[in-house]
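What follows is a short report on a single structure.
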């Protein structure tokens, strides 16, 4: 029945749907907010995993590996007058392909630098050919930054670096030998063994222990920033090809540490050089 107002005119009822429209908009906004919060939580968990959990796992594995190595060496030391286990051949052109976040001098997706024969009279002595990629053969200690970490052959992410180990560039010298012992390590995540190598100063001691003995190097030069493609830094006689004022000009027994810089990037490389003292 139609409602008649004053004057006998009919009124037509009007249906208002504003409330239902508002409810729909509220549901959409609520769903969007839940999605944003969920994504935020997932990102936070990913960051925690990368910056904390990978470090815990890698450090635990690396520490256990150091203990195993040194226990084996103490139980069965090398025989007197035996071979040191390192070949005397010169380092050939051995290439590798580190991933973008690997702290290798050439980093990125480009090929790792190859170890070429020195222009000097002496030739480098590479790591034992019997050492397969990923196998640990030395322990690196840097008292200045409280670092004790195993050294493994190669710079593979999955086999070496992501385990918290320091990687030994294929084709470079063995510890204690003439040439350049070139090592790479993560600056951040996965144990980040080289997190604080920027704190090293000239004169700081670095030791490399193998089954054959302990070799002490002393920090001599530091190249704060160079290109990932600066292959000269791991040559038998190391010298930067980007900044030629950094490096050496004659054969010797060198140790090179390479990692990424600035932190949490792989844009440049930080290089630390040391020379053998005993």
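The values are calculated or read from the model by the stated rules, or taken from the named source; none is laboratory data. Owing to the predicted nature of the structure, the values given are computational and were not obtained by experimental measurement. Methodologically, a virtual Cβ is constructed for each residue, glycine included, from the backbone with ideal geometry; neighbour enumeration extends over all protein chains shown.
Residues in segment 200-212 that are more than 23 Å from residue 248 (Cβ to Cβ) and either buried (at least 18 other Cβ atoms within 10 Å of the Cβ) or out of contact with any strand residue (DSSP E or B) (no Cβ under 9 Å at 6 or more places or on another chain) (or both): 209, 210, 212.
Would you confirm whether any residue within segment 67-81 is in a loop (DSSP other than H, G, I, E, B) and either at pLDDT 95 or above or surrounded by 17 or more Cβ atoms within 10 Å (Cβ to Cβ) (or both)?
Here is the first cut: in segment 67-81, the residues in a loop (DSSP other than H, G, I, E, B) are 76-81.
With either at pLDDT 95 or above or surrounded by 17 or more Cβ atoms within 10 Å (Cβ to Cβ) (or both) added as a condition, the list becomes none.
No: zero hits.
Just to be sure before I move on: is residue 269 modelled with pLDDT of 95 or more, under 27 Å from residue 159 (Cα atoms) and part of a loop (DSSP other than H, G, I, E, B) in the structure I sent?
On the way: modelled with pLDDT of 95 or more: yes; under 27 Å from residue 159 (Cα atoms): yes; part of a loop (DSSP other than H, G, I, E, B): no.
When the stated conditions are applied, residue 269 does not pass them.
One line per residue, one yes/no per condition, for (1) surrounded by fewer than 21 Cβ atoms within 10 Å (Cβ to Cβ); (2) over 16 Å from residue 147 (Cβ atoms):
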| site | (1), (2) |
| --- | --- |
| 187 | no, no |
| 191 | no, no |
| 197 | no, no |
| 214 | yes, no |
| 230 | no, yes |
| 233 | no, yes |
| 248 | yes, yes |
| 251 | yes, yes |
| 260 | no, yes |
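Would you say residue 132 is buried (at least 23 other Cβ atoms within 10 Å of the Cβ) and modelled with pLDDT under 95? Against the criterion (buried (at least 23 other Cβ atoms within 10 Å of the Cβ) and modelled with pLDDT under 95), residue 132 does not qualify.
Suppose the filter is modelled with pLDDT of 95 or more and surrounded by 21 or more Cβ atoms within 10 Å (Cβ to Cβ); does residue 220 pass it?
Details: modelled with pLDDT of 95 or more: yes; surrounded by 21 or more Cβ atoms within 10 Å (Cβ to Cβ): no.
Considered against the rule, which asks whether it is modelled with pLDDT of 95 or more and surrounded by 21 or more Cβ atoms within 10 Å (Cβ to Cβ), residue 220 comes out as no.
Looking at residue 191, is it at pLDDT 95 or above and either in contact with a strand residue (DSSP E or B) (Cβ under 9 Å, 6 or more places away or on another chain) or at positive phi (or both)? When the stated conditions are applied, residue 191 does not pass them.
Only residues that are part of a strand (DSSP E or B) and in contact with a helix residue (DSSP H, G or I) (Cβ under 6 Å, 6 or more places away or on another chain): list them for segment 214-258, please. First the steps, then the outcome.
Of the residues in segment 214-258, the ones part of a strand (DSSP E or B) are 214-226, 239, 247, 253-258.
Passing the criteria: 239, 256, 257.
Against the conditions (1) touching a residue at least 12 places away in the same chain (Cβ under 8 Å); (2) closer than 23 Å to residue 63 by Cα, where does residue 242 fall short? Just the number, please. For residue 242, the failing item is (2). The set of residues in segment 245-278 that are free of Cβ contacts under 8 Å to residues at least 60 places away in the same chain and within 26 Å of residue 164 (Cα to Cα) comprises 262, 265, 267, 268, 273, 275.
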